[in-house]
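**Q** My questions all concern the structure below.
The values are calculated or read from the model by the stated rules, or taken from the named source; none is laboratory data. Since we're looking at a predicted model, the values are computed, not measured. Here the Cβ is made from the backbone with ideal geometry for all residues, glycine too, and neighbour counts use every protein chain on show. Side chains are part of the model used for accessible areas, which takes the heavy atoms of the whole protein and leaves out ligands, DNA and RNA. Shrake-Rupley method; radii C 1.70, N 1.55, O 1.52, S 1.80 Å.
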Amino acid sequence: ARRERIPNVTASFGFERERSRFTETPVGTIQDADKFLTFKLSIPLPLINRKQGEIETAGAEKNAAERRRSALELAVRREVAVNLARVTSLQSALDFLEKGIIPQVQDNFDRIRKAYQLKQLDIFRFLTELERFIRTRQEYLATLHDYSQALVDLESVVGGGGAVSVN
(Lines give C-alpha, C1' and ligand atoms only; values in the text may rest on other atoms or scores of the structure.)
Protein backbone atom coordinates (compact mmCIF):
# COMPACT_ATOMS: atom_id res chain seq x y z
CA ALA A 1 0.00 0.00 0.00
CA ARG A 2 2.89 2.36 0.70
CA ARG A 3 4.39 1.63 -2.69
CA GLU A 4 1.06 2.26 -4.39
CA ARG A 5 0.76 5.79 -2.93
CA ILE A 6 2.68 7.17 -5.88
CA PRO A 7 0.79 6.61 -9.14
CA ASN A 8 2.30 4.61 -11.96
CA VAL A 9 3.21 7.17 -14.59
CA THR A 10 3.85 5.73 -18.04
CA ALA A 11 5.50 7.45 -20.97
CA SER A 12 5.82 6.33 -24.56
CA PHE A 13 7.40 7.69 -27.71
CA GLY A 14 6.47 6.94 -31.27
CA PHE A 15 7.18 7.82 -34.85
CA GLU A 16 4.61 7.60 -37.61
CA ARG A 17 4.69 8.31 -41.34
CA GLU A 18 1.46 9.06 -43.17
CA ARG A 19 1.07 9.39 -46.93
CA SER A 20 -1.85 11.17 -48.48
CA ARG A 21 -2.97 11.33 -52.12
CA PHE A 22 -5.63 13.58 -53.57
CA THR A 23 -6.58 12.75 -57.15
CA GLU A 24 -9.47 15.05 -58.04
CA THR A 25 -8.11 18.47 -57.47
CA PRO A 26 -8.15 21.43 -59.94
CA VAL A 27 -4.37 21.27 -60.17
CA GLY A 28 -4.15 17.54 -60.64
CA THR A 29 -2.97 14.77 -58.30
CA ILE A 30 -1.38 15.90 -55.10
CA GLN A 31 0.72 13.64 -52.95
CA ASP A 32 1.87 14.46 -49.48
CA ALA A 33 3.97 12.64 -46.86
CA ASP A 34 3.76 13.63 -43.21
CA LYS A 35 6.06 12.49 -40.42
CA PHE A 36 4.79 12.52 -36.83
CA LEU A 37 6.84 12.25 -33.68
CA THR A 38 4.52 11.35 -30.78
CA PHE A 39 5.01 11.47 -27.04
CA LYS A 40 2.41 10.08 -24.60
CA LEU A 41 2.33 10.52 -20.83
CA SER A 42 -0.28 8.65 -18.74
CA ILE A 43 -1.02 9.69 -15.16
CA PRO A 44 -3.88 7.93 -13.36
CA LEU A 45 -6.44 10.02 -11.51
CA PRO A 46 -6.52 10.90 -8.67
CA LEU A 47 -3.06 12.29 -9.16
CA ILE A 48 -1.96 11.50 -5.61
CA ASN A 49 -3.61 8.54 -3.89
CA ARG A 50 -2.04 8.30 -0.46
CA LYS A 51 -3.70 4.92 0.32
CA GLN A 52 -3.91 5.86 3.97
CA GLY A 53 -6.82 3.51 4.63
CA GLU A 54 -4.98 0.50 3.21
CA ILE A 55 -1.80 1.44 5.11
CA GLU A 56 -3.72 1.71 8.39
CA THR A 57 -5.50 -1.59 7.70
CA ALA A 58 -2.21 -3.35 6.98
CA GLY A 59 -0.70 -1.89 10.16
CA ALA A 60 -3.69 -3.03 12.23
CA GLU A 61 -3.49 -6.53 10.74
CA LYS A 62 0.22 -6.67 11.54
CA ASN A 63 -0.42 -5.60 15.14
CA ALA A 64 -3.23 -8.15 15.49
CA ALA A 65 -0.96 -10.90 14.13
CA GLU A 66 1.80 -9.93 16.58
CA ARG A 67 -0.68 -10.01 19.48
CA ARG A 68 -1.95 -13.45 18.40
CA ARG A 69 1.63 -14.71 18.16
CA SER A 70 2.41 -13.34 21.64
CA ALA A 71 -0.74 -14.91 23.07
CA LEU A 72 0.11 -18.27 21.50
CA GLU A 73 3.66 -18.05 22.79
CA LEU A 74 2.40 -17.37 26.32
CA ALA A 75 -0.10 -20.21 26.07
CA VAL A 76 2.61 -22.64 24.93
CA ARG A 77 4.97 -21.48 27.70
CA ARG A 78 2.21 -21.96 30.27
CA GLU A 79 1.32 -25.40 28.90
CA VAL A 80 4.98 -26.45 28.94
CA ALA A 81 5.35 -25.22 32.55
CA VAL A 82 2.19 -27.05 33.65
CA ASN A 83 3.22 -30.29 31.94
CA LEU A 84 6.78 -30.04 33.25
CA ALA A 85 5.48 -29.50 36.78
CA ARG A 86 3.19 -32.52 36.38
CA VAL A 87 6.08 -34.69 35.13
CA THR A 88 8.32 -33.55 37.98
CA SER A 89 5.62 -34.18 40.58
CA LEU A 90 4.83 -37.65 39.26
CA GLN A 91 8.53 -38.48 39.06
CA SER A 92 8.88 -37.56 42.74
CA ALA A 93 5.87 -39.71 43.58
CA LEU A 94 7.37 -42.64 41.66
CA ASP A 95 10.71 -42.22 43.43
CA PHE A 96 8.94 -42.15 46.79
CA LEU A 97 6.95 -45.26 45.96
CA GLU A 98 9.92 -47.16 44.49
CA LYS A 99 12.41 -46.31 47.23
CA GLY A 100 10.24 -46.01 50.29
CA ILE A 101 6.76 -47.48 50.18
CA ILE A 102 7.00 -50.51 47.89
CA PRO A 103 10.05 -52.10 49.55
CA GLN A 104 8.42 -51.65 52.96
CA VAL A 105 5.06 -53.07 51.83
CA GLN A 106 6.86 -55.94 50.06
CA ASP A 107 8.86 -56.69 53.22
CA ASN A 108 5.71 -56.59 55.39
CA PHE A 109 3.86 -58.87 53.00
CA ASP A 110 6.75 -61.35 52.89
CA ARG A 111 6.85 -61.49 56.72
CA ILE A 112 3.07 -61.89 57.00
CA ARG A 113 3.11 -64.62 54.36
CA LYS A 114 5.85 -66.53 56.18
CA ALA A 115 4.02 -66.16 59.47
CA TYR A 116 0.81 -67.41 57.84
CA GLN A 117 2.64 -70.36 56.30
CA LEU A 118 3.97 -71.19 59.76
CA LYS A 119 0.39 -71.00 61.08
CA GLN A 120 1.27 -68.08 63.35
CA LEU A 121 -1.38 -65.76 61.84
CA ASP A 122 -4.97 -66.24 60.77
CA ILE A 123 -6.23 -65.88 57.22
CA PHE A 124 -7.89 -62.53 57.96
CA ARG A 125 -4.55 -60.83 58.81
CA PHE A 126 -2.91 -62.43 55.75
CA LEU A 127 -5.69 -61.25 53.41
CA THR A 128 -5.59 -57.74 54.87
CA GLU A 129 -1.85 -57.49 54.18
CA LEU A 130 -2.33 -59.01 50.70
CA GLU A 131 -4.98 -56.38 49.95
CA ARG A 132 -2.63 -53.59 51.14
CA PHE A 133 0.16 -55.01 48.96
CA ILE A 134 -2.11 -55.19 45.88
CA ARG A 135 -3.46 -51.63 46.44
CA THR A 136 0.08 -50.28 46.76
CA ARG A 137 1.14 -52.03 43.54
CA GLN A 138 -1.96 -50.69 41.77
CA GLU A 139 -1.16 -47.18 43.01
CA TYR A 140 2.39 -47.56 41.74
CA LEU A 141 1.21 -48.77 38.31
CA ALA A 142 -1.36 -45.95 38.08
CA THR A 143 1.33 -43.41 38.97
CA LEU A 144 3.68 -44.97 36.43
CA HIS A 145 0.93 -44.75 33.80
CA ASP A 146 0.23 -41.11 34.69
CA TYR A 147 3.96 -40.33 34.54
CA SER A 148 4.27 -41.92 31.09
CA GLN A 149 1.22 -40.01 29.88
CA ALA A 150 2.65 -36.77 31.31
CA LEU A 151 5.88 -37.36 29.39
CA VAL A 152 3.89 -37.91 26.19
CA ASP A 153 1.89 -34.73 26.84
CA LEU A 154 5.06 -32.74 27.50
CA GLU A 155 6.67 -34.08 24.35
CA SER A 156 3.62 -33.15 22.28
CA VAL A 157 3.67 -29.61 23.69
CA VAL A 158 7.36 -29.00 23.00
CA GLY A 159 7.11 -30.74 19.63
CA GLY A 160 10.05 -33.03 20.22
CA GLY A 161 10.66 -35.98 18.02
CA GLY A 162 12.60 -38.01 20.56
CA ALA A 163 12.24 -39.03 24.15
CA VAL A 164 11.95 -36.31 26.79
CA SER A 165 14.24 -36.73 29.76
CA VAL A 166 13.37 -35.00 33.03
CA ASN A 167 16.19 -35.44 35.52
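**Q** What number comes out for accessible area per residue over segment 18-101 if the probe is 1.4 Å? Units Å², please. List each step's numbers first, then the result.
**A** Details: 7030 Å² over 84 residues.
Normalised by residue count, the accessible surface of segment 18-101 is 84 Å².
**Q** Accessible area of segment 64-107 with a 1.4 Å probe: how many percent of it is carbon plus sulfur? Write down the numbers at each step before the final one.
**A** Details: 1920 of 3120 Å².
Of all accessible area on segment 64-107, carbon and sulfur atoms account for 61 percent.
**Q** If R₀ is 45 angstrom, what is the calculated FRET efficiency for the pair Arg125 and His145, using the beta carbon separation as r and rounding to 0.05?
**A** Numbers: r = 31 Å, r/R0 = 0.68.
According to the calculation, E is roughly 0.90.
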